[in-house]
Amino acid sequence: MLANTFGTLFRVTTFGESHGDAVGGVIDGCPAGLQFSLSAIHAFLQRRKPNPQLHGEVSTPRIENDDIHFHSGIQHRDEDTVITLGSPIAFTVQNRNVRAQDYTTAIFRPGHADYTYFKKFGIQGITGGGRASGRETVARVVAGTIAGCLLEQYDIHVYGGTEAIHNIHGTHFNYAQAHRQPLYALDSDVVPRWQERIAEVKAQGDTVGGIARVIAYGVPAGLGEPVFDKIDARLAYALMSVGTVKGIEIGAGFTASSYTGSQNNDPIGEEYEQNNAGGILGGITTGQDILIRIAIKPIPSISKEQKTLNSQGEPCTLSIQGRHDTCVLPRVIPVLESMVKLVLADFLLIDRARKDIFSF
């Protein structure tokens, strides 16, 4: 497996499987002298966990403590505050609440990566999906939170939230408050309808997806590396690496295909509310907010009977039991925010390095 590292200068390598001893990561290229709070990182990581008090019974009953253990790359200033040393930051998060018996290893699960991983690696029945499990995203959230500390030094802030669940759309978006709302709703008025729909689908043994949004405020103009590392291309690459993501729109996205050029073009030189470009032109940031819309598929673990194949290639049926999400939207929001932070931190360092090189 040759693609476990993300980034150019701010590089993150993740490791671990869903039901292994631990998941974790190594961050290389983080500048020395960056100060952050361990409790703040833990608090952000908690947003990825199931939260029945905030979201209701929408998420898996599997709840891990997700205590982070840092092994290198930091030095304590006090009990909670640490400073980066410029060396690789290695960390682990233990898997403690594992139940391998919930998973069949003899039948390929529809909608999961069991079949494709078997075809690629020839290993059958990796419990819980292994590296293809959403459990891997714990390391992304830890790394993304540290990247966010770097962004804050430049007054750049990234927020995400839920726009829609199962074709029920919000219309008025409050990005800064979404993480305090049930289901991380950008529009809290639609939450009761979402909760009703989720309850209906869950009672049928099924799941639902939806649409998330991420916005980045304060991004300076000039970030991006045309032609193959345009910042919108890297954002799409980063977000599509999240297992549940099936589509990305920047700015007006697909809606732009129905516009004329005069409707789609954003005026330059004055402050306008229009931002059809989503803060990016020619693969380079414009200085406007970066606007991203992300399609999230339904979780494929459903108790409804499905047609599939067993490990001998014979047709059979499968009804998946165990602990699974009915709707993953609230838990995926901090993962999406983290991937955007990682991209922006990386491009900031690339831009800073170029300016240093050409300043002589």
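Key figures
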read-out	value
Nitroxide proxy distance, nm - points 7 Å out along Cα→Cβ at Q124 and Q263	5.5 nm
Order of Y217, Y175 under a 10 Å beta carbon neighbour criterion, fewest first	Y217, Y175
Within segment 147-184, backbone nitrogen closer than 20 Å to the virtual label 7 Å beyond the Cα of L38 toward Cβ	147-150
Cα pair distances of the chain binned at 20 Å [whole percent]	28, 57, 14, 0
log10 of Debye I(q)/I(0), alpha-carbon scatterers only, for segment 111-211 at 0.20 Å⁻¹	-1.04
Note, ³J(HN,Hα) from phi for segment 280-287, Karplus 6.51, -1.76, 1.60, rounded to Hz, x at Gly and Pro	9, 9, x, x, 10, 5, 9, x
Relative contact order for the chain, counting Cα pairs under 8 Å that sit 6 or more residues apart, in percent	22 percent
Furthest towards positive pole of dipole, Q288, H172, S311, structure part the chain, Cβ charges	S311
Nearest 10 degrees, 0 to 90: helix 191-203 Cα axis against the chain principal axis	30 degrees
Of K119/K297; K119/K307; K202/K341; K230/K355; K49/K341; K120/K307, pairs whose Cα-Cα distance is over 26 Å	K202/K341
Computed lengthening from R193 to H69, 0.36 nm per intervening residue step minus Cα-Cα distance	40.7 nm
Residue order, fewest to most beta carbons within 10 Å, for I248, I211, I296	I248, I211, I296
Average projection area in nm² (convex hull over Cα atoms of segment 166-229, one quarter of hull surface)	6.8 nm²
Cut-off under 5 Å, modelled amide H: who pairs with L9 long-range	none
Likely footprinting exposure, K49, K119, fewest C-beta neighbours within 10 Å first	K119, K49
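Since every read-out is calculated from the coordinates, none of them should be taken as a lab result. Note that this is a predicted model, so its numbers are computed, not measured. When we count neighbours, we look across all protein chains shown, and the Cβ atoms used for this are built from the backbone with ideal geometry, even at glycine.
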